[in-house]
Amino acid sequence: MNQKMVGKRINIPKYQGIYYRESSKRRHLGKADKCFDICYRDSKGKLIWEKIGWMSEGYNAAVAAQLRAERMQTVRHGDELPREKQAEITLGEVWKYYNEWLDTGKKEAATDRSYYKKHIEPVFADHVLSKITPLDLERLKKDLSAKGLAPATVKHVLVLIRQLINKAIAWGKWHGENPIKKIKLPKLNNSRERFLSKKEAQMLLKELEKVSYQLYNISLLSLHTGMRAGEIFALKWGHIDIDNGIIHIADPKSGHARKAYMTNTIKEMFKNIDFGKAEDLVFESRVNDKIDRVSHAFRRAVDRLGFNKGITDPRQIVTFHTLRHTFASWLALQGTPIFTIKELLGHQSLAMTERYSHLTPDHKRNAVDGIEKLFTTAVTSKQIKNQ
């Protein structure tokens with residue numbers, strides 16, 4: 001290697017004995033490529049410098065640190081500790097462990113399995129983890145987008161790769177830095193914008209009542225409380241306090257318990273359902289088990305009403321989640337403070353609720369209009385006085 005191609009060695013404070021040099025000619029991901037070196041002393045105390053490899057070849061500081069540790073162990077113990085070099089694990093081998101872990105109850109297990117089979121296995125199954133570079137992942141991202149996959153799908157695939165490598169590190173199957181850290185994940189603009197008018201909501205509930213009384217009740221509950229589908233499906237009779245009009249949401253998406261408050265309509269709804277034991281589910285599937293997804297009958301009812309006809313923007317399409325969004329939008333339109341909406345929805349941060357702020361009555365504009373009136377009044381009074 002031409003020494004003039006690289007600059008001086010720079011120590012990496014986080015890793016003792018690990019240095020990198022930047023190339024003046026080689027490029028990697030738009031920046032100067034880095035060559036990693038390690039230094040250590042041999043059994044006679046002589047300082048040894050060893051080139052490890054380039055970042056573009058898949059090497060990084062963590063890998064260099066691991067190799068340095070191996071060199072030092074050999075120097076200190078020689079043949080006293082004969083070691084068989086363990087073959088590096090491939091992403092396909094990590095998947096076997098991960099696939100078993102999915103059976104412990106992880107959400108979206110079916111989606112993970114499908115995405116791995118379709119998009120990850122054909123590309124990376126035989127790659128050892130240290131050879132999966134950020135550049136490889138950038139190429140995958142580009143290829144998936146070129147195939148017409150939605151940004152959300154591309155992001156899910158990349159996040160799954162991140163999870164696989166993170167689990168390999170956590171399970172002690174590999175030691176290194178996750179290359180996904182160098183990748184910018186696709187930004188999604190999928191914040192729902194469509195909400196139902198009062199007339200549309202009445203039309204939808206009427207249509208659902210014809211199809212399924214339980215689906216009607218589930219939808220009514222979401223529209224009146226803002227509860228998510230999963231929260232409703234997990235609802236047990238022990239969570240219902242009709243006397244005080246409170247619903248205790250014990251297992252929300254955010255992981256923080258909260259309360260929902262019943263309207264008179266919801267109180268009457270619960271009174272008309274056969275009250276069960278505290279541990280019994282309020283709403284059950286046809287096999288008397290927990291419901292795992294919103295019935296397809298909901299989408300068919302929406303289609304019959306034509307709410308989604310000609311709409312392709314996912315933010316404008318009416319889904320079951322639109323009911324929760326409608327609940328929040330109606331609160332904002334009637335002037336409910338954003339912080340109160342945040343608490344009722346169970347959002348973890350106010351930023352998640354601020355999407356509804358544009359619907360609240362415009363107090364700032366009203367304040368400025370007040371200044372206008374004061375100014376106009378003052379001018380008019382002055383004119384009258386000068387007459």
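At-a-glance table
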quantity: Answer residue from the stretch 328-357, given it is charged (D, E, K, R) and touching a residue at least 40 places away in the same chain (Cβ under 8 Å) and is nearest to Met227 (Cα to Cα) among those; calculated: Glu343
quantity: Test: residue in the stretch 215-228 that is surrounded by fewer than 18 Cβ atoms within 10 Å (Cβ to Cβ) and in the same structural domain as His347 (by TED's automatic domain parsing); calculated: no
quantity: One residue from Asn11, Asn60 being without any contact (Cβ under 8 Å) to a residue 60 or more places away in the chain and under 25 Å from Thr74 (Cβ atoms); calculated: Asn11
quantity: Among (1) closer than 26 Å to Met352 by Cα; (2) not assigned by TED's automatic domain parsing to the domain that holds Thr326, the one test that Lys147 misses; calculated: (1)
quantity: One residue from Ile165, Ile169, Ile180 being part of a helix (DSSP H, G or I) and either of a type in the set (Ser, Thr, Tyr) or crowded, with 20+ Cβ neighbours inside 10 Å (or both); calculated: Ile165
quantity: Index of the failed condition, His256 passing every other in (1) under 17 Å from Leu344 (Cα atoms); (2) surrounded by 12 or more Cβ atoms within 10 Å (Cβ to Cβ); (3) under 24 Å from the mean Cα position of the chain (by Cα); calculated: (2)
quantity: Residue check for Asp136: surrounded by 13 or more Cβ atoms within 10 Å (Cβ to Cβ) and either outside any helix (DSSP H, G or I) or in contact with a helix residue (DSSP H, G or I) (Cβ under 9 Å, 6 or more places away or on another chain) (or both); calculated: yes
quantity: Test set (1) closer than 30 Å to Ala328 by Cβ; (2) at pLDDT below 90; (3) buried (at least 16 other Cβ atoms within 10 Å of the Cβ) - Leu196 fails condition number; calculated: (2)
quantity: Any chance Tyr15 is assigned to a loop (DSSP other than H, G, I, E, B), outside the structural domain of Asn178 (by TED's automatic domain parsing), more than 19 Å from Thr133 (Cα to Cα) and among the aromatic types (Phe, Trp, Tyr); calculated: yes
quantity: Pairs with Cβ under 9 Å, 6+ apart, first in the stretch 265-276 and free of Cβ contacts under 8 Å to residues at least 24 places away in the same chain, second not β-branched (Val, Ile, Thr); calculated: Asn272/Asn217
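The values are calculated or read from the model by the stated rules, or taken from the named source; none is laboratory data. Not measured: the values here are computed from a predicted model. When we count neighbours, we look across all protein chains shown, and the Cβ atoms used for this are built from the backbone with ideal geometry, even at glycine.
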